[in-house]
Amino acid sequence: FASAAVASVLSGVGPKSGVQGSPAPEIPEEEEQSAVSRLSPVMLSRPPNSAQAAIREQKVKRWRNLIITTTIFGLVVLVQPAIALPGTEKARSTAFFVFSIVFGATFGSGYARFQDALW
């Protein structure tokens, strides 16, 4: 691919040359309409200049959610020793199972949000 691009530049063949080569292909109207229909209504309602602002808003929201989830996970880990406080074995087992569910949910949510924020 790179050698073909270099050859087209050196020979003057390409869409910008105007003398040699073929002009840039036109996109059929049906294909253009289908591409526009795949955009969300929110993106269509915004002017083109605000598309980057919308992407930035999404990134900020992702990182904010990640920080909240990480903070909740940290609090869950901080409370972990409290499992030993209940007096009976049944109460400790119940506390352990509840803690395990919350621990797993916050860890999984944090992991997924971290992947989402990075990609």
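Read-outs throughout are calculated quantities, based only on the coordinates presented, and are distinct from any laboratory measurement. Everything numeric here is computed off the predicted structure, so don't read it as measured data. Positions of Cβ are backbone-derived with ideal geometry, glycine not excepted, and every protein chain shown enters the neighbour counts.
Descriptive notes on the structure:
- Overall dimensions of the range 73-116 as given by Cα atoms, namely Rg and Dmax in Å: 12.4, 42
- Once the Cα-Cα distance is subtracted from the 0.36 nm per residue extended length, the ARG64 to ALA91 segment shows a gain of 6.2 nm.
- Applying 1/(1 + (r/R0)^6) with r as the Cβ-Cβ distance of VAL98 and ALA51 and R0 = 35 angstrom yields a FRET efficiency of 0.20.
- Backbone phi angles across the range 84-92, fed through the Karplus curve with coefficients 6.51, -1.76 and 1.60 (θ = phi - 60°), yield HN-Hα couplings of 7, 6, x, x, 9, 5, 5, 5, 5 Hz in residue order; Gly and Pro are listed as x.
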